[in-house]
Every structure is written in C-alpha cells, then in structure tokens.
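The values are calculated or read from the model by the stated rules, or taken from the named source; none is laboratory data. Because the structure is predicted, anything quoted here is derived from the model rather than measured. All Cβ positions, glycine included, derive from the backbone under ideal geometry; neighbour counts span all protein chains shown. When the accessible area is computed, the model is the full protein with side chains, heavy atoms only, and any ligands, DNA or RNA have been set aside. Shrake-Rupley method; radii C 1.70, N 1.55, O 1.52, S 1.80 Å.
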Amino acid sequence: MRCLPLTLVAFSLVAISTFLHAAEAPSTPEPKKENLTPGGIWKPGDISRPRPRVVTPPGYTTNDAPGHAPSDATILFDGKDLSHWKRDKVAAGQDDTAPWKVENGYFEVVPKSGYLRTRDKFPGDTQWHIEWATPSVVVGKSQGRGNSGVFLTGFPEIQVLDSFENDTYPDGQAAALYHQYPPLVNASRKPGEWQTYDIIVERAKRDAQGKVEKKARLTVIHNGLVVQWGREFNSTDQEGDLALQDHGNPVRYRNIWVRRLNLADPDSEGTPPPGAVASTAAPAVPATPKTSAPPAAEPKTVTIKTLRAQMRYDTTEFAVEAGRNVKLIFQNDDEMPHNLCFFAPGTDVIAAANKQMEKPEEALKRNWIPDDPRMWVHSKLVNPHERDEIDFVAPEKPGVYPYVCTFPGHAAIMQGKMIVGEGGPRLPALSGLKFQLYLGDWKNLPDFSALQPHREGEVKDNLVQLKLDDYKNDFGLVFTGKLDAPKDGDYTFLLASDDGGRILVDGHKVADDDGVHPATDVREGKVHLSKGAHDFRLEYFQAAGQSELYAAWRGPGYAITPLSKTLHPDWKNLLAKPKKHDETTGMPLVVGAEPVIYRNFITGGGDRGIAVGYPGNASIVWNAEYFGPVIAWRGAFIDAARHWNGRGGGFQLPLGFDVIRPAGENTLPFAIHPSPDAPWPAVPKGERADDYTWKGYELDAQRYPTFHYEWKGLKISERLSVDGDAFAGNGHLVRVLKIEGQIPEGAVLRLATGSQIQPADGAFHVTGDKLVLDGHPFDNAFQVAAEGAVISGKNLILPLRPDVTVSYSWPSAHNHHAAAQ
C-alpha cells in the first residue's frame, strides 16, 4: 500500500522561498525588470509574501508587578526559583546552586556571594529583557549606590546603578557600557522603583570566505528610551549567556527573558533554535525570478538519495556553515517510502523514531513524522521513486545535528549527520611557520632531508604560500611549524596542488597529492589529534606550467578553514560536497526466511572466511583457519557488487552496522590451563593451526550451516542462529557447540577478549579494542552470556564441556540473553 505524502513541515520562524527560473528562447527579448522590494525577491504589495508570525507581546510592567513575557521567549526567571541560574565561580566543596535570595517575585543580590550566570547559552541574534531595582534606602554615593551589572558574552558590562540625582563619571552611570560609552540620556527612575533594560544583541556576520562583513552590535533601551544605539564591537562569538554582578549592594531583579531574532535576513521571520515546533504548512511562494540576491545568500545545495533495497542513505555526512541557507534535495530511489528528519544535537534518534510505536494510530495519521520538539525540520514521507525538497537555514549554534528516517524499523540504519561549523577562519592555526626553498627537477616529491636548501626563512603571516621567490619551475618547498588543535577530536586535512604536495602531522602523512598534475582535485586525510600543539609539515614541488598550492583543515565544531594564503577556486562549494557511499554498492544480498551463505573475501573475516547472513538481521564470518566466528554485525548482510564488477577482486566491508570482533584477531578458540597474563594461542603467520583439522560444513533442512572441525582428537560441531531481531535491538546471536570425545583437563573456550569486561545483568559487558575495517571505526562493544563463564585477565573463558550455549548481543539488547546451558 502506498502511503500518502505528508505536507512539508517548515520552520515556523523561517520564510521559505523557491524560485522558478524560466528558460529563455534565443529570440525572446530580455524582459523588463520589475520594481521589487529590498532583497530583490518580492513585488510591492505581493499578497503571496509570507506573513510575519504571530507573537503575543509582553505585558505592561508597573512598579507593583512585572508584565508577562512574550509568547516566543525563554523565561529565565519567573519569580519563583533560580533553576536557570548557577554560581559563576564555584569554590572547592561548593555546588553551583545560585545563592541569591528569592522572595516576593524577585531575587536579590547576596553581597559577597559572587556573580550569577545563566545555565544555558543562546545562539545568534537575541533580545534580552531585564527588570531591576536599586535599594529604596539610599546608602553611599557615586559608584557606591545600588551598583551591579549585566554581562552579555562578547560585550562590555551594561552598568546597573542608582543614577537618580546621583552624579558619577558618565561612562559608569546606569545604562553605560562601562568605561566605554555613556548612555545617550539619563533615563533613571527613583531608588526602589523598578526599571527595565531591553537589550538587542546582533552577532558578527561573515561573508562566504569567512571575512567579517558586519561587526557585532549592541542596542540598549532603558525604561523605553534608546540609550545605546548599534554600538559596534569586534566580538566574533556566535552564542552567549547572561551574568549578573555582585558588587556588594542588594540590587533586585525580576522578569528576565530572552528571545531569538534573525537580523541577518531582512525578509526572514527569525530562526528557531533546535527544538522549536515547526509550522504545518509552507507559505505560498512567488514565481518571480530572484534577480539581485548577493552571492553569500545563495543556498548550499545538498542531494541525499536512498540506496535501493538497503535502507540506507547514500550520504551519511555533510557540513555547512552556521546560519547558511540550505537547499536539500531528497531523492527516494528505493521501493519503499522513506523520510528525512533532522534533530537537535545529542538526540537518540532511534528512541525518538521508535517512540511513535507507543501510539501507532496517531503516528500513521502523521505519516510517521514524530511529534517530538527536538525535531526542527524534515521532509515529507516520500513515496518510491519520488523526491522532496526542503529549504532551511542551518542552526546558528555549531554542532553535529543527526538526521534519520523515522518510518517504522528504519532508524537503526538510516542515519546521518549534518556538521554545522562556525563558517569562517579562526585565528591562524599555524604558528612559527618557516619555509625551506629547494631547486631541482622532479616528477615526484624528493627526500628533502637529503637535500641542501637554496634559501630558508620565516613566513610572517603563518599561512602557506608560493610567493616567496620568482622561480616559475623546478623548485620545491617545505613548510614547518606548529598546528594548534583547539580540542580533542578527529580532524580532516584538505590539499590541492599543482604539482605534488603532501601534509604530515606529528610525522605521519595525512594528505597526499604527489605527482605531476593540475590542482583540480582535493585530497583529504583524517587524523585524531589531542588538544594542543602538533608538528606540521607541508612538502611541495613544482615541475612545469602553472604552480598552485591550497591547504585547509576542519575539525570538531567548525567548518573548512584555510591554512594557505590562496583559496581554492571552488573552495566555497567544498562544504556542500557530501561524503558518498562506495560507488560499487548496488548488489545487496537480502536475507529472507533462510540463511544466506557467501564465500568470498570479507573485510575483517580473513582469507578463509565463510559469511552467513541469518534471519533476524545478524550476520557472521566463520573462519576455517581460526575455527570460530571472527566478526559479527547486525543489519544488512553483504553487498556483492565489488566481487561481480570488473575483475571481482578485493575485500568487501559488511553492509550492516555495529561490527564486533568477539575473540580477538588471528587467535584460536581453545587452550589448556591458560595463564591470565600469557598470550592466547594464535596462528603463526603463513602457517596452519596445530591440533586443529577443518572438516567442512553441512546444511540442515532450514539451510542453517553447522561447521565441523577437530581439536586434540575431539569432534566439534558448531551451529549459530539468531533469537529475536538484532536490527530492532531485541535479538541476540546464539552459538551452540557439541563436543564428542574425552575433554582434556583444564581445557577452556575463549568467549571474548577486551580491554574491559564487567558483569552486567547476569551476563558480561565487553569493551573490546577499537575495531577499524577499511577505515571505518566500530566501537566493538557487546554482551556475552554463558553459564559458568569467568573473567581471566582480559579474556572471558568457559570450562569446556560436551554441550555449550553462548549468546552474543549488542548493548541495546542486553536484557534478552539466551538461557545458557
């Protein structure tokens, strides 16, 4: 049955526009330009222009009572408690509970207790409302009367002071930007009366190359009068919190709230933070072509497709600058319906999708689009071989925003992430950059350490560049310096060169573009770096023709940032180029009611691996050289395209997810009286295992394979199956061994090995060593249950007996272990 598509849900605070570009015949004269409103999009009086959203305005504030906040505000103090606040500085032995006094709908400074700060930060342009009152009994003079202050990230203190008939230095009175700008007027009320600040924060705006084109600005309205108007500052912060000062005076505060704005786009209705509820329909859009929008306003276009019969997206990661317009094309090439839903960072998207099954009738009416406030934009449910387009503005806050298909049963595999970066160069990442210039004629990068440099020196602006000499051909350069990684994480380096280039970090090659060629392709390499300084080295040579060199990096929380002085001609489009799935994908082996056996080279499965995909959405590779399941995974089985295209060579990565290696690599299953500290028996490279003999496998009536082998005269048969559904998180892999013969005393079976093995709910939780297959990392964490199993060093072992049953499951299925026999 085909599902009806759901009306596209859009941002409730973002005007979405689709512009239709009509093809012009050669003989058609150029149309007369129409008179358009600022921005070059809408005709004056156009009835189809999106309406401003409706917001209930704030209530009127009196000296006796505060007004209510507007309907779209985040309330930071509601007159009851300080749950949204914390101590700004926490001493040893203290918790961070806000210590100021709360009573009668306000809170009051407790002298010498320290500043208060909001627990949350708020991204982008914002409006802040704060009401305050100085003591009604006047004590002191000048700066000693009712002194406190408001601090917003990136801006100077906004002074709070009793400035009613109280003379003090102008840049220190109420509503001054302390020690910088006096207020335009003194709008102060009498001591003890409630006063209001409405503060407009405009964050710095950058162009497509990351250059600040509009500085951060601050506007302050004191008791309804503008007292600071668009003051500019050099702050590049894109989010911030609010702090209130303890200056030793019992100043009171009430009715504090903040609301998001979007002052970057004059025609926008504002950008909601992740978690804001989207509207139920897109506004009407005009057919008028967009004629004069600036280049920076052009959206990033990203296309995501589904892979046929695999329940996967072809794009599982793409990056975009914060606040950038995005045009996303979602093409469903599969035979079943899919959608694409974006969530706030940190959301458990599988749980969010599965929660719909609590009320499936309601979810069906929504076409399986979750009713979840953490979901901030999504496509409709797209039918097979159809497409949908969504236009949105990337969040202002940098981070990793997951996307997922929420159709029942799809979320465990159909996932991806949008990386929102800060959108521009940070402070120079390189320091102490030096160059060495060499002369020579090469076709590949030479060993520069064996050569004598022609000239060397410092690079003053710490950016890689070629304008160091007038040589046109036959030269080489080596740049060395320190690279500052702002935090622990994975970093990607990008390099394009004409001719050869190479980037090394801490002596390890991370990006290589060697050879004689133009700079048309960008090479990428990823490395994990700890926070702090690292050795950076870039090698380059120029043979003949044009000389070009471009280098950049990106890391956790920020977008592509140049390391070279010259930008790649296509630099601005690199963020929109998503990572694609392996192009050979396209021949998935689908497991039905019976197991599917695939005898070929599987990554991580060894040279004598036998892959088996089981009903229940779990698969293994059983290896006839190491005599046991060497890897296991859940989800889809195998894509056979690599072995059917071209020469059919190479190893194929498992098609599913959560790959685990239970018992280590290249090791054997049995040992006699093993020492916890001794290495486990392994197969020497290029040799066969002693005392083991492979006897083949047979299929039963249901086509389940049973593997046969011998060890020390014992006849062993091993059969695996899946109990439950591993894809859905409630299934586990059951391994049954039958042993005939006299079992040697002290013989044990190794069930698992790992850096951590801990008892958990009648089983054992194993954290294995990090597993990387063909550049793809896996956590290698799993659960093991078997009666009589014990921990021995880094191994989980089981005394050998005639009948053994073991279950392996993934962490989400830890409550469903089989009963061990």
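Taking 22 Å as the cut-off for C-alpha to C-alpha distance, list the pairs among LYS300/LYS526; LYS305/LYS380; LYS305/LYS327; LYS211/LYS565; LYS211/LYS482; LYS482/LYS770 that go past it. The answer is LYS300/LYS526; LYS211/LYS482; LYS482/LYS770.
The tail of the calculated P(r) for region 457-513 beyond 15 Å holds 60 percent of all Cα-Cα pairs. Amide H contacts under 5 Å for VAL251: VAL109, restricted to partners 5 or more places along the chain or on a different chain, H placed in the peptide plane at 1.01 Å from N. Going by accessible surface with a 1.4 Å probe and the largest first, MET336, MET414 read MET336, MET414.
Each peptide among 688-697, 707-716 gets the average number of other Cβ atoms lying within 10 Å of its residues, and from highest to lowest they stand as 707-716, 688-697.
Here the relative contact order of region 447-568, from alpha carbon pairs under 8 Å that lie six or more residues apart, stands at 33 percent. For region 642-724, report the % of Cα-Cα distances exceeding 23 Å. Everything past 23 Å amounts to 48 percent. Partner aspartates and glutamates whose Cα lies under 16 Å from the Cα of LYS86, excluding those fewer than 8 positions away in the same chain, are identified as ASP78, ASP95, ASP96, GLU108, ASP120, ASP241, ASP246. A 1.4 Å probe over all protein chains sorts THR347, THR480 by accessible area into THR480, THR347, starting with the largest. The length gained by stretching the chain between LYS190 and LYS460 to full extension, at 0.36 nm per residue less their Cα-Cα distance, is 91.5 nm.
Extension gain for LYS121 to GLU317 (0.36 nm times residue separation, less C-alpha to C-alpha distance): 67.9 nm.
List the lysines whose alpha-carbon lies under 25 Å from that of LYS695, not counting same-chain residues fewer than 8 positions away? Within the straight-line limit of under 25 Å, LYS695 reaches these lysines: LYS685, LYS712, LYS715, LYS738. The P(r) of region 380-528 has a tail past 18 Å containing 71 percent of all C-alpha pairs. Binning the C-alpha pair distances of region 595-663 at 10 Å intervals from 0 yields a P(r) profile of 23, 57, 19, 1 %, listed from the shortest bin outward. Applied to region 80-91, the Karplus parametrisation 6.51 cos²θ - 1.76 cosθ + 1.60 on θ = phi - 60° returns per-residue 3J(HN,Hα) values of 10, 8, 10, 5, 8, 10, 8, 4, 6, 10, 10, 7 Hz, with x for Gly and Pro. Going by amide H atoms built from the backbone, whose H comes under 5 Å of the H on LEU445, apart from near neighbours? So LEU445 has HN proximity to GLY515.
For region 508-569, the alpha-carbon radius of gyration amounts to 1.24 times the rule-of-thumb value 2.2 N^0.38 Å expected for a compact globular protein. Sorted from longest to shortest, the spans of the Cα atoms of region 295-444 along the three principal axes equal 73, 35, 30 Å.
Residues TRP194, TRP42, ordered by accessible area of protein heavy atoms at a 1.4 angstrom probe radius and largest first, appear as TRP194, TRP42. Taking all Cα pairs closer than 8 Å and separated by 6 or more residues, the relative contact order of region 688-821 comes to 22 percent. Heavy-atom surface analysis with a 1.4 Å probe gives region 695-793 a carbon and sulfur content of 45 percent of its accessible area. Here the ratio of the Cα radius of gyration of region 217-258 to 2.2 N^0.38 Å is 1.47.
For the pair LYS112 and LEU699, what calculated FRET efficiency results from E = 1/(1 + (r/R0)^6), where r is the Cβ-Cβ distance and R0 = 51 Å, to the nearest 0.05? Using R0 = 51 Å, I get an efficiency of 0.05.
As an equivalent ellipsoid, region 91-188 spans semi-axes of 24, 19, 13 angstrom, where each value is the square root of five times an eigenvalue of the C-alpha gyration tensor, largest first. The H on the amide N of LYS695, modeled in the peptide plane, is under 5 Å from the matching H of HIS708, TYR709, GLU710, each at least 5 residues off or on a different chain.
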